1. Grab every C-alpha pair in segment 1-109, bin the distances at 10 angstrom width from 0 up to the longest one, and report whole percents.
2. Quick one: which residues, 5 or more positions from residue 61 or on another chain, have an amide H under 5 Å from its amide H? H modelled 1.01 Å from N in the peptide plane, none for Pro or chain starts.
3. Please list the non-local residues whose amide H lies under 5 Å from the amide H of residue 262, H modeled 1.01 Å from N, same-chain partners needing a gap of 5 or more.
4. Taking 7 Å along the Cα-to-C-beta vector as the label spot, tell me the residue 215-residue 159 distance in nanometres, rounded to one decimal.
5. Would you mind ranking 287, 213, 127 so that the residue whose beta carbon has the fewest other beta carbons within 10 Å leads the list?
6. So for segment 6-306, averaging the separation of alpha carbon pairs under 8 Å that are six or more residues apart and normalising by length, what relative contact order in percent results?
7. When only DSSP loop residues count, what trypsin sites (Lys or Arg not before Pro) in segment 1-69 have their Cβ near at most 10 other Cβ atoms within 10 Å?
8. Could you check the simple spin-label distance between residue 263 and residue 93, using points 7 Å along Cα→Cβ, in nm with one decimal?
Amino acid sequence: MAKQNKIIITAAVTGATHTPSLSPYFPSTPDQIIEDAVKAHKAGAAVVHVHARDPKDCSPTPDLGVMKEIVTSIKQQCNAVVCVTTGGAVWMSSEQRLAPAVDLQPELASCNAGSVNFVFADLAAKLENPKYDWEIPYLKRTNELVFTNTFTGLEYYLNTMNEHEIRPEFEVYDVGMINNIAYFMKKGLVQKPVYLQFVMGILGGIPATVDNLVYLVKTAREQIGDFVWSCAAAGKAQFPLVTAALTMGGNARVGLEDNLYLKPGVLAKSSAEQVLQIKEIAERLGLEIASSDEARQILDLKGIDKVNY
Ligand code: KMH
Ligand code: ZN
C-alpha cells in the first residue's frame, strides 16, 4: 500500500443526523456551517465534509442554492478540500442527493457504498423542549427508513463523478460494502487511488469496535488491494476508534456530524475543538498532519481551480 507520511484530518461539521436542540454549539445554519468549517480547517483539517441546512429552520435541505453559498464562502476564506455530501439525508431522493456534486463539481464527494438502516431515533429522548417542531418526528422517523444506495444508483453516481473528475470518498458502513466497491472496480468504474471512509457505529451498520476496524481494513486489503483509508465513528466511540485508526496507518474524520462531544459529558464547542484534539493525539503518536494541498496529492484530486463554485 502507498506509504503515506502525513495524515489527513477530515472535519464533518453538520451532517443530517443531529438536530439544533441537541447542542447549543451544533452548526445548523449556513453561516454557522461555514464558520465551523473554516475554523476546523485553520485548526488542521485538510478536508471539510459539508451538508446543507435550511436557514429558516436548520433542517437538512437539498437546496442547491444553500449548498452553493456554503462551499463558495468556504472557498473564499480558505483552501480546504471540500467534500460535498451525496448522502444528503435519508429521506432525500437519489437525484436530490447527487445534484450538488453535479452542479458544483467539487474535488471530492461522498459516495455511500451500499444500503443500510441508518437509525438515530433514540436521540429524540434527549429532547425535552426542542426549538423546532420537526426535530423529534425527524429523529423518530429513522426507525422506518432505509438509507438506500442501489447498484443502479451507485453506477449512476460513479459515472457522474468520473465525468466531472470528482474523487469519490466511499462511505463504508458495513463489510459487505467493500465487496460492492470491488465489484465496481472490476467494472472499471472506480479510478485509483481508492479512498475509503469507514463510518462505524451507525445503528444499522457495523458496531464501532477496534476488532471490527481491523476486520474492515483486512477485508479491504483482500478485496481492493491498494487504497487510502480514513475512519469516523458515531458518538462516544469517535476518539477511541479514530485514534486506533491512526495507529493502524489510517486517516481521521472528526466533527459534529459524527459526535457532539469532546469527551464524555463535555459538549464540543466546535468541530475545530475535535480537530485540535485529534491533531494533538496524532502528533503525540509521532505523526505529521497533511495540509490541504498535501491531501490533494495523496488523493490525486483535480485541484480547487477545477471546481464549479
Ligand atoms: N446523512 C447520512 C444519511 C454522506 O454524507 O454521504 C449520510 C451521510 C453520508 O451523511
Ligand atoms: Zn455526511
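1. 15, 48, 29, 7, 1
2. Counting only residues 5 or more places away or on other chains, the set is 52, 53, 54.
3. Residues meeting the criterion, in which the H sits 1.01 Å from N, are 267, 268.
4. Modelled inter-label distance: 3.5 nm.
5. With the sparsest Cβ surroundings first, the list reads 127, 287, 213.
6. Numbers: 623 pairs, mean separation 73.2, N = 301.
The normalised contact order for segment 6-306 reaches 24 percent.
7. 3, 56
8. Distance between the two pseudo-spin positions: 4.8 nm.
Rule-based calculations on the coordinates, nothing more; no lab input. All of these numbers come straight from a predicted model, not from anything done at the bench. Every residue, glycine as well, gets a Cβ built from its backbone with ideal geometry; the counts of neighbours run over all protein chains shown.
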